[in-house]
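Asker: Right, I'll just put the structure down here and ask away after.
The values are calculated or read from the model by the stated rules, or taken from the named source; none is laboratory data. Keep in mind it's a predicted model, so treat the numbers as computed, not measured. Counting neighbours? That spans all protein chains shown, and the Cβs are built from the backbone with ideal geometry, glycine included. Just the protein is used for accessible areas: all its heavy atoms, side chains included, with ligands, DNA and RNA removed. Shrake-Rupley method; radii C 1.70, N 1.55, O 1.52, S 1.80 Å.
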Amino acid sequence: MTAPRRVYLVPGFFGFANLGELRYFGHTRAFLARALADLGVEARVEAVPTPPTASLPRRAAFLLERLAADDAAAPPPGAGAGGDGGAGTRIDLVGHSSGGLDARLLVSPDVSLPGAVAAAPFAARVGAIVTVATPHRGTPLASFFTSLLGQRLLQLLSLTTITALRVGHVPLAVLLKLGGLFARLDDLLLNSALLDQLFDQLLEDFSPERRAALDRFFADVSADTSLLPQLTPESMEVFNASTRDRPGVRYGCVVTRGRRPGVGSTISAGLDPGAQATHALYVALHGLAGGTPPERVAAVLRGPTGDALAAAYGGERVDCVDNDGVVPTLAQPWGELLQAVRGDHLDVIGHFNDPGHEPPHVDWIATGSGFDRAQFEAVWRAVARFLAQDG
């Protein structure tokens with residue numbers, strides 16, 4: 001076995017890392033821990049809740065405070081089971097979506113983050129960073145969600161996702177109206193009453209205690225939405241120019257590519273009316289996320305990364321319109337390409353349709369991608385192998 005280490009899973013702006021019994025990384029955390037153990041790596045794998053839509057510096061500072069708190073609470077080596085050595089322990093960071101940006105920012109040389117904890121001592125202990133479906137070059141969807149209407153639709157989409165993952169389904173009437181809203185955005189200028197109605201209808205499925213937790217979650221979201229303008233393609237140019245990779249840290253990435261909407265994806269989504277309704281939502285999201293100007297991803301498309309992606313996708317060249325329903329595929333590469341996934345933004349962390357598995361996998365949206373448990377395990381074994389390397 002290797003020396004003990006800590007692996008932290010950092011969520012993105014769907015950042016409900018621990019909302020009641022709902023677990024953002026529920027399937028991922030357990031499987032990654034087992035995959036590392038199979039490779040002889042002794043690791044404590046933990047998920048880190050972060051402020052969902054707070055700014056990248058604030059989110060990175062929150063992650064930093066968690067690292068410091070775990071150091072303070074850790075028993076010293078030899079103090080019995082679970083002693084990981086505190087300040088001497090290697091740290092690895094795995095970030096999904098904007099969580100990958102939090103990780104990159106935390107370890108960037110000479111970074112200055114809000115709060116009293118200095119980043120440098122912790123950044124020096126980071127051995128590897130893996131980013132999963134991360135918008136390194138931004139996403140046009142962020143530009144849409146920065147509007148007042150977009151912010152309200154993001155809240156409704158988040159609540160729909162939470163409802164689907166916790167309850168296992170969303171009322172068909174809500175799905176049909178939500179899909180219609182995203183499909184007819186130009187008609188929404190005076191439709192705030194319908195948004196409120198759908199929001200209240202979804203909340204009916206939750207107990208008073210869970211409603212209170214959701215109220216707190218959305219209050220946090222409303223209080224600080226700084227993240228969204230920072231994820232636009234224009235803002236990410238500034239981020240990448242000022243956020244340097246840290247020497248000695250190994251960077252790897254998992255890239256996701258949803259199925260392009262069409263007749264084939266509609267048929268593959270199945271006959272269930274609820275699945276078809278969420279597929280209509282996916283069609284709208286895919287269109288919004290596919291608006292990346294070609295010049296912003298030209299370097300990726302024409303360089304060795306573009307060739308590696310084409311090879312990983314069986315010779316299919318990735319286009320600037322390809323995305324996972326949230327993030328453009330060509331915005332995601334950073335460092336070594338570990339896996340190129342045919343799946344959507346949340347498939348890759350375990351939120352796909354497989355009710356027969358124990359615990360069950362529940363899909364957040366039907367894309368017709370065919371992503372399954374075997375692909376999920378292949379992704380996270382690849383991540384485990386990358387983390388297991390000493391570098």
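Asker: Expressed as a whole percentage, what fraction of the accessible surface of the chain belongs to carbon and sulfur atoms when a 1.4 Å probe is rolled over the protein heavy atoms?
Answerer: Values: 8510 of 15440 Å².
Answer for the chain: carbon and sulfur cover 55 percent of the accessible area.
Asker: As a test of reading the structure, rank 380, 334 by solvent-accessible area (1.4 Å probe, protein chains only), most first.
Answerer: Working: 380 0, 334 50 Å².
The ranking, largest first, comes out as 334, 380.
Asker: Starting from 0.36 nm per residue, how many nanometres of slack lie between residue 272 and residue 38 once their C-alpha separation is accounted for? List each step's numbers first, then the result.
Answerer: Working: separation 234, 0.36 × 234 = 84.24 nm, distance 3.86 nm.
Result: 80.4 nm gained on full extension.
Asker: Ordered by packing density, taken as the mean number of other Cβ atoms within 10 Å over each peptide's residues, highest first, how do 197-208, 258-269 rank?
Answerer: Details: 197-208: 14.0, 258-269: 17.1.
Per-residue mean Cβ counts within 10 Å order the peptides as 258-269, 197-208.
Asker: Then there is this: Only Cα pairs within less than 10 Å get springs; with that Gaussian network setup on the chain, which residue of 274, 368, 303 has the largest fluctuation?
Answerer: Result: 303 has the largest fluctuation of those listed.
Asker: Which whole-angstrom value gives the distance between the alpha carbon centres of the range 53-70 and the range 318-391?
Answerer: 25
Asker: Also, quick follow-up: Does the range 259-391 classify as rounded, prolate or oblate by the C-alpha gyration tensor (a ≥ b ≥ c root eigenvalues; a/c under 1.5 gives rounded; else a/b over b/c gives prolate, otherwise oblate)?
Answerer: oblate
Asker: Taking the full set of protein chains and a 1.4 angstrom probe, give the accessible area of residue 169 in square angstrom, rounded to the nearest 10.
Answerer: 100
Asker: Here's something else I'd like to know. What spacing in nm lies between the two simple spin-label points modelled at residue 260 and residue 354, each 7 Å away from Cα in the Cβ direction?
Answerer: With each label point 7 Å from Cα toward Cβ, the separation is 2.8 nm.
Asker: Here's another thing I want to ask about it. Compute the distance in nm between two label points, each set 7 Å from the Cα along the Cα-to-Cβ direction, one at residue 209 and one at residue 149.
Answerer: 4.0
Asker: Averaged per residue, what accessible surface does the range 252-352 expose to a 1.4 Å probe, in Å²? Please list the in-between numbers first.
Answerer: Working: 3680 Å² over 101 residues.
Accessible area per residue, the range 252-352: 36 Å².
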